[in-house]
Amino acid sequence: MKMIWIMTVWMALTVTLRAEIPAGADLSDLERIPIQNGGRIKPLYSFAEESFQMLTGGTTFKPGFADYRQGALRNLLLIWANPDRWSAEEIILVDHAPLREEMGLDPTRKMFAIHEIAGNEVFRKKFAENQKLRARERNPRFDKMQREVNNVANRLHLWESLLQGDVFTIVPPQNAESNRWLTLPQFAKSGADPARKQALFKPFLELVGQVNAAPETGIDPRSFEQNAQTFAREMRGLTVGTKVSHGLIGLEVLYQKLHPFRLAWVLYLLAGIVLLATTVWQRRGGYGLAWGLVGVGLLAQGFGFVCRVLISGRPPVSNMYETVIWMAFISSVFAIVLEAIYRKRYYFIASIPITVVMLYLADSLPAILDGSIQPLVPVLQSQFWLIIHVLPIVSSYGAFALAAMLANIVFGYLIFSKGHRVPSELYTFIYRTIQIGVFLLASGTILGGVWANYSWGRFWDWDPKETWALVTLLVFLAVLHGRIAGAWSGFGLAVGSVAGFMSVVMAWYGVNFLLGVGLHSYGVGAGGLEYVITYVVVQLAFMTWGIQVYRTGPSPADPVRD
């Protein structure tokens, strides 16, 4: 009888959903309904956001029958209740212009309906070729066109699943022998005899008739909210005795809505503007305000990481998105600690651009940096090794990025300051920061060898990731030892820190996004090459300009205090 009641409440909800959810309706009760998706249990709100992010590249969408753009959950509920109304919607993103051209699609559009893609012979042929390549090779190296075909195929599969309703698995297993969640219709049909089925679906069919006759407007928000609260309460009742934590479900909804990493980069950007605006005027007050903004920004980042750790139950460094936001976080931590020691503004000036750019890219490029919380792949399912191997290495990237930005401040002084003189303490700051990075990278690399022996039975195999980690470590060791031995001055240390960070870029981005091979290929991704190339070109050009000025101008003393 409980299931009949749940189905009745849901069908009552669909009366309103088939028309239009009232603009002022409160969806908070529906947001926290648990759903099994992507190998874990998450709130319906997260599922909606991730689904529309994948389908359209954003979390809002304006269906053809609506007057305004609607949020992901609102649209998802409408799809769930009335999939037929959505079958012709242009909702599948085809972002790659050459693919649109080859498929003969309208070049002025990026969004297409399911029949425009599923029935396209060129697309079907290309996807079949990808499938053959995947069958031949364990980790096939797809080119950009092939990757885009796979992306569109994944969107197409998701959209078909949404229309068919087989992804709305919101009913937990009712016995300990199964981990598979069910949809409402599956649950209604499971284990029921013919008489029970007839008793169950008689009210269901009656409600369908009511839905078809429902008015298109004039829905009462209060009535809708009451139905939503009842439905959500009954669904929560089905999770009693399961492993579902409604506290974590609520925390994930809060995390998704607050966007703590977005808040952090906005605060850091404001701190950078304050520092620049008070370079000459109100230096002391501006410096204090910048400290406050950076501190709150760090708290926002920390809150975001606490949420991800509690929700996922693991350290937040298992994919490219998480390493990007962790690198930004640890760069800020190093900057705050070192700035507290030296009080010279330089660490803030160096760290703020890193943090703002990294967090902004993570926030604005979901197709490249997927921010959804995913389960760990089998090889990473050891939190102990993940903490002592991956965390130190990614943290070293934050230190090396900080050193490279301090080097850019050196180049800026040389190029733009009167007399081309560089404050000598800048070289000390670079030196100290590289020391921190080398310690972390060396520790992480050595411990990675121990983990490799534990997981794969060998300490070292010249895997691309291992090789470039070693190359990066040797580059920075050479930079430090060359300075100690007197082979180059503090300016050489600045040049070496930038050259070393180019090696970091290759070890971090190049191996994962360009090579995509080796035993570490579980972390691969695609896209963003244009951003990386732009950074490398601009960085090398600025460094070359600084070197030229250094060679032709005066040669100020640049000691590094040991």
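The values are calculated or read from the model by the stated rules, or taken from the named source; none is laboratory data. Bear in mind the structure is a predicted one, so any value in this text is a computation, not a measurement. Using ideal geometry, Cβ is built from the backbone for each residue, glycine included, and neighbour counts are taken over all protein chains shown. Accessible surface areas use protein heavy atoms only, side chains included; no ligands, DNA or RNA. Shrake-Rupley method; radii C 1.70, N 1.55, O 1.52, S 1.80 Å.
For the reader, a short list of remarks on this structure follows.
- Placing a pseudo-label 7 Å from each Cα along the Cα-to-Cβ vector at Val549 and Phe65 gives an inter-label distance of 6.3 nm.
- Accessible area per residue in Å² at 1.4 Å probe, computed on the stretch 302-365: 32 Å²
- Share of carbon and sulfur in the accessible heavy-atom surface of the stretch 403-522 [1.4 Å probe, %]: 69 percent
- Straightening the chain between Arg284 and Lys257 buys 6.2 nm, computed as 0.36 nm per residue apart minus the Cα-Cα spacing.
- For the stretch 285-334, the carbon plus sulfur part of the accessible surface works out to 86%, probe radius 1.4 Å.
- Accessible surface of the stretch 18-156, 1.4 Å probe, proportion on carbon and sulfur as whole %: 46 percent
- Average accessible surface area per residue within the stretch 26-74, 1.4 Å rolling probe, Å²: 34 Å²
- With 27 Å as the limit on Cα-Cα distance, the pairs of Lys42/Lys189; Lys110/Lys144; Lys243/Lys465; Lys189/Lys243; Lys42/Lys62 that go past it are Lys243/Lys465.
- Förster radius 60 Å - calculated FRET efficiency between Ala478 and Glu121, Cβ distance, rounded to 0.05: 0.60
- Contact order relative to length of the stretch 326-419, as percent, for alpha carbon pairs under 8 angstrom and 6 or more apart: 44 percent
- Loop-located chymotrypsin sites (Phe, Trp or Tyr not before Pro) in the stretch 425-504 (DSSP state other than H, G, I, E, B) with a sparse environment of at most 12 neighbouring Cβ atoms within 10 Å: Trp462.
- Area of Glu530 that stays accessible when all protein chains are in place (1.4 Å probe, Å², to 10): 110 Å²
- Sites matching trypsin sites (Lys or Arg not before Pro) across the stretch 280-330 that sit in DSSP coil, with at most 13 neighbouring C-beta atoms within 10 Å: none
- For the stretch 411-494, the solvent-accessible area works out to 46 Å² per residue, with a probe of 1.4 Å and every protein chain left in place.
- Cα gyration tensor shape for the stretch 145-185, rounded if a/c is under 1.5, else prolate or oblate: oblate
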